[in-house]
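Below: the structure, in structure tokens.
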Amino acid sequence: MRPSVASQRPSDPRPLARVLRDLGIPLRGGTTRWPVVWRALGLAEEQEEAHYLALTEPLLTARMVAELVGVADPSIIYRWSKGRLPSGAKPFPSPIDLSGGREAARAKRWRRAEVLAWHVDKPQPRYARPAPVFGAIRPAP
């Protein structure tokens, strides 16, 4: 659901185009919409209004995450995403893999809202997921 308040829209005039480029989804004639991106990321097409901004912001690189949380070396972010965190730290937000299966590619991105929630020790945002699709019902043998 799209918020009705214009002031809640991202300040970046082309955030969808940037996210689509990162995901490798072509923008054809301006017809691709945020629900297409959310579906590609395994999320439901309908999201709560409160999550709209978080889901439409451009994704962060490891360097951007490092700057956001005050870490000098972006490679630390990759280590954290693999579970090698300082003792007592909560699990780091899962990255979104944009590598397309390329081995050793560092095309991982994070959502700003999730990194900020982790950094200030708040619960992670819970986005709507699609309902599971069940196959055809098979007759009993």
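Scanning the range 84-97 for residues that are surrounded by fewer than 18 Cβ atoms within 10 Å (Cβ to Cβ) and closer than 18 Å to Leu55 by Cβ returns Ser94, Asp97. If the condition is being out of contact with any strand residue (DSSP E or B) (no Cβ under 7 Å at 6 or more places or on another chain), under 21 Å from Leu23 (Cα atoms) and of a type in the set (Ser, Thr, Tyr), then the range 79-125 contributes Ser94, Ser99. Of the residues screened, Ala6 is one that is out of contact with any Pro (no Cβ under 9 Å at 6 or more places or on another chain) and either at pLDDT below 65 or open to solvent by 40 Å² or more (accessible area, probe 1.4 Å) (or both). Each residue in the range 109-124 was checked for being out of contact with any Pro (no Cβ under 9 Å at 6 or more places or on another chain) and in a loop (DSSP other than H, G, I, E, B), and 4 of them qualify.
Kindly establish whether Pro58 is open to solvent by 70 Å² or more (accessible area, probe 1.4 Å) and in contact (Cβ under 8 Å) with a residue 12 or more places away in the chain. So Pro58 fails the test. Within the range 10-30, is there a residue that is out of contact with any strand residue (DSSP E or B) (no Cβ under 7 Å at 6 or more places or on another chain), among the hydroxyl-bearing types (Ser, Thr, Tyr) and at pLDDT below 80? Yes, some residue in the range 10-30 is out of contact with any strand residue (DSSP E or B) (no Cβ under 7 Å at 6 or more places or on another chain), among the hydroxyl-bearing types (Ser, Thr, Tyr) and at pLDDT below 80.
The values are calculated or read from the model by the stated rules, or taken from the named source; none is laboratory data. Being a predicted model, the structure only gives us computed values, none of them experimental. We place every Cβ from the backbone using ideal geometry, glycine too, and count neighbours over all the protein chains shown. SASA here: full protein model, heavy atoms, side chains in, ligands and nucleic acids out. Shrake-Rupley method; radii C 1.70, N 1.55, O 1.52, S 1.80 Å.
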